[in-house]
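The values are calculated or read from the model by the stated rules, or taken from the named source; none is laboratory data. The structure displayed is predicted, hence computed values, not measured ones. Please note: Cβ atoms are built from the backbone with ideal geometry, for glycine as well, and neighbour counts cover all protein chains shown. Please note that ligands, DNA and RNA were not included when accessible areas were found on the heavy atoms of the full protein model with its side chains. Shrake-Rupley method; radii C 1.70, N 1.55, O 1.52, S 1.80 Å.
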Amino acid sequence: MKKNITSSPQSATSGRKKTTSRFVILADRLADRIITIGGILVIFVVLGIMVFLVKETYPLFVGGIETDTHNYSVPRPDSEILTMGLDDNKTMACILLKNGLVRIFHAKTGGPLPPPILSFKNKISSFGGSIDQNHIAFGFADGTVRTAQVKFESQVIALENLPQNLKKLDERDSTDGLSVFSQIPGNQYRKVTFKITTQDPVKVSPNDNAIIALDYRIGGETEKKTQVFAAVDKDQNIILSKIKSRVNLLTGKKRATVKTISLPKLPDNLQVHSVLLTEKADMVLVADKNGTVYRFNTHNFKSPFLAETTRLLSSDNQLTTIGFLAGEQSLVVGGTDSSLDIYFFIHNETGETSDGKNLVKARSYNAGRSSVTEFTPVQRGKSFAVARKNGDASVIHATSEKTLLDFSIGKNIKSAGIALTPRVDGFLTICDNGTVILKEFLAPHPEITFSTIFEKVWYEGYPEPTYTWQSSAGSDDYEPKLSLIPLIFGSVKAAFYSLLFAVPIAILGAIYTSEFLGVKTKNIVKPTMEMMASIPSVVLGFIAALILAPLVETWIAAVLVTFVVVPVFLVIGSLLWQLLPQHIALQLDGTPKIMLIALTVVAALFAAENFGRLFEQLFFSGNFKAWVNHDIGDGRGLLFLMAMPLSMTFTSLFMFGYLRNFLARLTSGFTQVQAAIFDIVKLLFIAVIAAFISFGIAWIADILGLDARNGILGAYVQRNTLIVGFAMGFAVIPIIYTIAEDALTAVPNHLRAASLGCGATPWQTAIWIVMPTAASGIFSAIMIGMGRAVGETMIVVMAAGNTPLLDWNIFNGLRALSATIAVELPEAVKEGTLYRVLFLAGLVLFAITFVINTIAELVRLKYRKQTAML
Amino acid sequence: MNSLKLKPKQKQRSPGNVFSGSKGINLASKGEKYLWSMGGALIIGLIMIAAFLLLILVNGLKTFYPGPVHRVTLTDNRVIAGEPFRREKISQDQTLETSREDTCSAWRTLYKTGNFDLYNKDFRWVDEQDIKQISEPKDIFYIERTEWGPFIGYIHELNLNHETFFFSRERLSQLKKEHKAAQARRNILKDLKKKEMGSINHELDNLRLSLKRVELDHGKDSVRYKTTLDSLSAKRKKLEENYGEIADKIEIIIKKDAKYSVVLKDVSGIEKRVNISDIIRFYPANNLTLSQKTGIYISRWIEFLTAEPREANIEGGVMPAIFGTFAMTLLMVIIVAPLGVMASLYLKEYAKQGKLVSMVRICVNNLAGVPSIVYGAFGLGFFAYCVGTTVDRIFFPEYLPNPVYGTGGILWAALTLALLTLPVVIVATEEALAAVPQSLREGSLACGASKWQTIKNIVLPNALPGIMTGLILAMARGAGEVAPLMLVGVVKLAPDLPVDTIFPFIHPERSFMHLGFHIFDVGFQSRNAEAGKPMVFVTTLLLISLIGLMNAFAIHIRSRMKKKYSVGQ
């Protein structure tokens, strides 16, 4: 280093060439470039985190995107369309017509494929089927019903097994006349074949009347299938039949038992629009054409009863469509007034219906458009497709009300049938004139909109709209509920309670350290407190959850009494200290004093352990956990405790306000010891008065029905916010303490000197001079601590119980944003909805902490400028 | 300025506190009550940290010390044996449950009874009122096994190569000899299984992958594919033969192991046969001298530090976790050091100091406060899923659909933590650069040095201690972080270390174990939280001492640097 510096003048004086060596210039330029580009790049990369988070969450809020449209004509359907099908990969479409014919064609070009022949002897009079339309049933004019299974069989075959002489349909697909072969990546082909198998007819109508409405479900396991159908015949008989078929494991023979019951008769003027049945066969709905719905409870198969009769449309309107969504928890109803509503089956014990359930309108999709003529739900999930009278067609997600596809088939061209792929990425419609439109679209996150994440959503089975986070569950029909509000609330709750604990300790500790401790003690104390910051949070979480939580649960009363006993002991300690003669007090100031304080705190902790029982007896009827759970006692004990500090402040203010002159006259000649004793008397006096006032307040509040147990306190669970707050204190206290202490120390010493010189005591100097000067620094310390508390992960993962709740109960758990990300992201499907929502949670967390930190930083900068001027 | 204005305000108020016209003493002006509450707050903070460290230290250090084994006869004449583990006062709730009257001085003891295979639990609470008698029999043994946790009981008989002896004290040395031999066999077995079989498996896998690669590049019908297929199948045959040989060797050892066993008997008389090779350590718990106890203590520590975990991580060692933590932290520092120094050099020495730079500085400061889990999510989404899958598609198509880099791994974890600690390093380095006196720079420039020469020879060497401090603090933070690692590649049990003897020796794509995650895993996901606790305490002690050491080192460097400058200026 030195060599370098000295070498350059040497070279200058010795007359060698004065030009700088090219290597040096090159190195300088290179370093310049690399550092500039690299530095800017690093900073951009760091800022890029936010960009990436936004990029990952953006697709959540995008609606459906149309990717392709196929438009062609097929021979016009010569009879009413019963149902349509479209396979997963949009290769094949089928149409079932009322005249008993089946039509199959290539979905993208309309190229006809040979259909299977259904040889029905009778005229089809009605039709019904499961939500996925794989199990269908035909009702006939002679009162019989035939069930059938419809399937698009899909199978992957290698190139070698591809049959010869295929006819090309388009660039991807070809056919051998029966199946469609599509090329897929990896030199393989997918073979799709349409299969329909019909079963023998079953006699349903007792009088051989034509079946006019029919619904059919299949349930149970493959070996023990249960087929159920609900049918209405011409005479308005409503029949529910159950067919149980069992395969004998030894002989392989099938045995079927049919059980049929008649549901209670409905009024004669009934004009049946349709009948609906659930998979569990516990409910049958009969819909009148005028919109009246008769709900039968068939939970007990032997004794069905009419549970509810309700009109779902306003008067003068006719029903145009009615059907279940997947899961059979919501009913979609369309009327001639172009309404489209969703009804839920809600439990309410008002007694309006005989089984405690009600049909309640949950949502309306009335876009003021024309009435819905065709409706089809998707197999899984809550999406459905509709076609309207004016030729509009759309695909909508029921819960989020997000429009996934919306287009016009043609002005006032009526759709005769619609079909939706199971993956909700293809929509096929056929019109009366034979025009077919296949829309391919992408809607990867249909269930998410801004309002499903941040607003209340009314989910199926819930009595009202709620904020709910429930990302996974066992069943298939389950709808993930992804509201971030409970998680944000959890993070805020954890941060709030931990700051409630940490801020007083950190700030008061910092003031004491900076203003009242000697340099030597401070040099030990400060690094010790800072050491707390380097404890990994996983350790804190472990200690909190496995050591502290059970301990606190057992000794909860002692823990609570600590919050009372420690301040009381400190006040007593200070009163006793005042009794010390001045010269001794001055001698003991500094380290001995802090030692005495430490002793007091330790004594208080020991006392708290022993006072626990007494405290519990006095205020909480002897058992805190039972008390807080509303099992025993009333709220007065706690109300008294809460009113106590308030009334103490009030009383002392009163004394200073009104009795100041009197007191001043009284104490004017006192010596220090006398004054100290008087101080004790005064405090006792205040305490007694305050106790009376508090008791009165508690008594009145109790009469008014106030009880803290309904708000900040409630049922006790082991891993709760108290534990989290305490553990998080370890993480937050050192941060707040260090920054606040730095801010206090940075207050220029001449301010202190001036104040003390004017005759102020150290306490007055600290509180009126140093504190206001350092206030912005202290504020920024608290903000930074808050930022840390909001984002802390391991402690909340381990000690918070992870239940997404929305209450302030300090004895209950919580689920924080950060914990949810840590727990659920590793298992979330890449680029799936949950994955993106969790990234959104990350973005929210990022935003919260960014705002908090920026405020802190700006305040700190301002403070720095301010102190620089002093 | 604001605070100067405050002074007169204070003067206005002070008559309120000082009683006007009186000579008497004014206690309120001293604020003694408030002083005590402030001091109390500080003390509570200090007590918290002291209690915390003491808890970790005591629990961590005592775990491996062999305690006595009590034989407890209960009032109902049942007998249990176990190591007294913890003693506590029965609280009110528990007495309410058992509906006892004499609550005040009731104590209960948690005994570690072991013998999980016999009792289905490792621990048992015993109320002290129920105890009739406690004795410490000299012949009771504490036997650590490879499976089912420890066995506490008597050694009943020895089966040595078809010969059966009843156990007595004279046989102890014989048993020790056999144990040593059995342990040697176990090590050989482990080597055979892990190293030899592992490498054959690895080679077989490579063969399959290279074949797939050829298939992907040239197609199944190509000549190349067929020739490769032929040559590979020859190789595979040979490997499979080797594999068979090793399997035979293993078979022989296992058969031999089965011939040497002991029959153990618990205090209630249930017998249990255990192969000597399955015993890790055994000692007569109540018949040990201090030096023997120390020996066991040390050997347990050595096992903890050097062995691999057993029994779902609640026993054995944490060597892979130590290694993983070190490797990841080292990799992180290698990544973060140049980036952080470059960025701060740019900010301090090259960029024009203006609004933009101060805004960038606010942003960087801010990023230090962004929760680590956000970085973790970013690491998973960007490094593993975005970059990783691209790397896989281009370089490792034959592995698909199994990800190589497309999932969490030590490289991605190190990169994520590097990002996380980058703000820390930038801030620290900037401070260190700012601390280098401007006069030094000016002197260097005046002597004709170029800017880069000045930075390289004057600024950086002087700022080095500060930069080092920043890096060490970053390391300490990185070593203690768990949350982001849970997303980017930490696992509860990694089959292989990220560095081993298989080409290319360093495997940055592998997932790894981490001390912090080990704590989380053992504390929360073991079959019995109580059984895992001692292990967690020891691991915690290790992790905290590691981090404490790093911090102490950083503080040391910082103080040395301070001294240097106070002299220099």
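Taking the dipole about the Cα centre of the protein assembly as shown, with the C-beta of Lys and Arg at +1 and of Asp and Glu at -1, give me whichever of B:Pro495, B:Ile555, A:Phe44 is farthest to the positive side. Of the candidates, B:Ile555 comes out farthest on the positive side. Taking A:Arg29, B:Arg71 and ordering them by how much accessible surface each has at a 1.4 Å probe, largest first, produces A:Arg29, B:Arg71. The residue among B:Pro284, B:Asn242, B:Asn206 whose Cα reaches farthest toward the positive pole of the charge dipole of the stretch B:159-285, with charges on the beta-carbon of Lys, Arg, Asp and Glu, is B:Pro284. Axis of helix A:485-516 versus longest Cα principal axis of chain A: the two differ by about 10°, to the nearest ten degrees. Separation of the stretch B:194-264 and the stretch B:321-382 by C-alpha centroid, Å? The stretch B:194-264 and the stretch B:321-382 have Cα centres separated by 45 Å. What is the stretch A:694-840 by shape, rounded, prolate or oblate, if you read a ≥ b ≥ c off the alpha carbon gyration tensor as root eigenvalues and call it rounded for a/c under 1.5, prolate for a/b larger than b/c, and oblate otherwise? Verdict is oblate for the stretch A:694-840. Overall dimensions of the stretch B:159-285, expressed as equivalent-ellipsoid semi-axes from the Cα gyration tensor (√(5λ), whole Å, largest first), are 49, 13, 11. Applying the criteria of a DSSP loop state and at most 16 other Cβ atoms within 10 Å to the chymotrypsin sites (Phe, Trp or Tyr not before Pro) of the stretch A:115-165 yields A:Phe120.
The residues of the protein assembly as shown expose on average 46 square angstrom of accessible surface per residue, using a 1.4 Å probe on protein heavy atoms. Pairs from the list B:Lys190/B:Lys533; A:Lys108/A:Lys167; B:Lys348/B:Lys451; A:Lys289/A:Lys439 with a Cα-Cα gap above 23 Å: B:Lys190/B:Lys533; A:Lys289/A:Lys439.
Here the sum of -39500 (n - 2.57) over DSSP H runs of 4 or more residues, divided by the residues of chain A, equals -13500 deg cm²/dmol at 222 nm, to the nearest 500. Ordering A:Ser154, A:Asn412, B:Ala181 by the projection of their Cα atoms onto the charge dipole of the protein assembly as shown, which places +1 on the Cβ of Lys and Arg and -1 on the Cβ of Asp and Glu, puts B:Ala181 at the extreme positive end. Counting only Cβ charges, +1 for Lys and Arg and -1 for Asp and Glu, the dipole size of chain A around its Cα centre is about 2200 debye.
Taking 17 Å as the straight-line reach from the Cα of A:Lys481, the aspartates and glutamates in range (excluding those fewer than 8 positions away in the same chain) are A:Glu401, A:Glu447, A:Glu455, A:Glu460, A:Glu464, A:Glu824, A:Glu827. Applying both filters, DSSP loop and at most 15 other Cβ atoms within 10 Å, to the trypsin sites (Lys or Arg not before Pro) of the stretch B:317-384 gives B:Lys352. Along the stretch A:656-668 the Karplus relation, 6.51 cos²θ - 1.76 cosθ + 1.60 evaluated at θ = phi - 60°, assigns HN-Hα couplings of 5, x, 8, 9, 4, 5, 4, 5, 4, 5, 4, 9, 4 Hz to successive residues, with x for each Gly and Pro. Scanning chain B for GluC sites (Glu not before Pro) in DSSP loops with at most 16 neighbouring Cβ atoms within 10 Å leaves B:148-569 as the longest stretch between them. Based on the convex hull around the alpha carbon atoms, the stretch A:353-502 presents an average projected area of 12.9 nm². Dipole check for the stretch B:159-285: with +1 at the C-beta of Lys and Arg, -1 at the C-beta of Asp and Glu, and the Cα centre as origin, the magnitude is about 340 Debye. Computed over the stretch A:666-809, relative contact order equals 36 percent, with contacts defined as Cα pairs under 8 Å that lie 6+ residues apart. Pull out a ≥ b ≥ c, the square roots of the eigenvalues of the alpha-carbon gyration tensor of chain B, then state rounded if a/c is under 1.5, prolate if not and a/b is larger than b/c, and oblate in the remaining case. Note, shape of chain B comes out oblate. Between B:Val357 and B:Lys190, full extension at 0.36 nm per residue minus the direct alpha carbon distance yields a gain of 54.3 nm. Candidate cross-link partners of B:Lys212 among the lysines, defined by an alpha-carbon separation under 25 Å and a same-chain spacing of 8 or more, comprise B:Lys220, B:Lys226, B:Lys235, B:Lys237, B:Lys238. The mean count of C-beta atoms from other chains within 10 Å of the C-beta of residues in A:443-450, rounded to a whole number, is 0.
Helical content of chain B, expressed as a calculated mean residue ellipticity at 222 nm, amounts to -19000 deg cm²/dmol (DSSP H runs of 4 or more residues, -39,500 (n - 2.57) each, divided by residue number, nearest 500). The coefficient of translational diffusion for the stretch B:255-299, derived via Stokes-Einstein from the alpha carbon Kirkwood radius under 25 °C and 0.890 mPa s, stands at 196 µm²/s.
Per-residue extension of 0.36 nm, minus the Cα-Cα distance of A:Phe695 and A:Asp235, leaves a gain of 158.1 nm for this segment. Averaging the sequence gap over all C-alpha pairs within less than 8 Å and six or more residues apart, then dividing by the number of residues, gives chain A a relative contact order of 10 percent. Shape index of the stretch A:100-167: Rg/Rh, with Rg the Cα radius of gyration and Rh the Kirkwood radius from the inverse mean 1/r over Cα pairs, equals 1.09. Calculate how large, on average over all directions, the projected area of the Cα convex hull of the stretch B:392-546 is; give the answer in nm² to one decimal. Approximately 13.6 nm², given one-decimal rounding. When you restrict to C-alpha pairs under 8 Å that are six or more residues apart and normalise by the size of chain B, the relative contact order lands at 14 percent. Running Debye on chain A with equal point scatterers at the Cα sites and no solvent, what base-10 log of I(q)/I(0) appears at q = 0.10 Å⁻¹? Results for chain A at q = 0.10 Å⁻¹ read -1.15.
Put a plus charge on the Cβ of each Lys and Arg, a minus charge on the Cβ of each Asp and Glu, and nothing anywhere else: the dipole of the stretch A:74-165 about its Cα centre is then about 300 debye.
Put the Cα centre of the stretch A:414-446 next to the Cα centre of the stretch A:17-78 and the gap is 37 Å. For the stretch A:560-600 versus the stretch B:409-457, the spacing of their alpha-carbon centroids is 49 Å.
Scaling against 2.2 N^0.38 Å puts the C-alpha radius of gyration of the stretch A:174-302 at 1.42.
Of the GluC sites (Glu not before Pro) in the stretch A:299-408, the ones in a loop by DSSP (not H, G, I, E or B) with at most 15 other beta carbons within 10 Å are A:Glu349, A:Glu352, A:Glu401.
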